[in-house]
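Here is the structure we will look at.
The values are calculated or read from the model by the stated rules, or taken from the named source; none is laboratory data. None of these values were measured; they are calculated from a predicted model. Here the Cβ is made from the backbone with ideal geometry for all residues, glycine too, and neighbour counts use every protein chain on show.
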Amino acid sequence: MHPQLIIQKYEGCEEVIEALEQCHKANSFNKFLGFCNDAKIQVDHCLKKEFAIQRQENKSKGAEKRAKMKNVWQDMDRPSPEFIAKHT
């Protein structure tokens, strides 16, 4: 069971979400009797793909952020040229 789906949030799944909503609106008992199961399965598959894409994007962003922070920490660990000149 999905919470209320926001079509704008899942742009790649607009058509299948709309089909599921139309099936539910056609007759209020459709969702209880299993008449909308095919539409629901399509929504499940589409959302799974969307979540996988989002996960991959987040993973890439995290890797970039970690690499950037690693460089920052390395720069902080290295003494500055002024410090080296002053203390040698």
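When LYS31, LYS49 are checked against the criterion of being modelled with pLDDT under 90, surrounded by 10 or more Cβ atoms within 10 Å (Cβ to Cβ) and within 20 Å of LEU5 (Cβ to Cβ), LYS31 stands alone in meeting it. For segment 13-56, residues that are assigned to a helix (DSSP H, G or I), of a type outside the set (A, V, I, L, M) and over 22 Å from the mean Cα position of the chain (by Cα) total 10.
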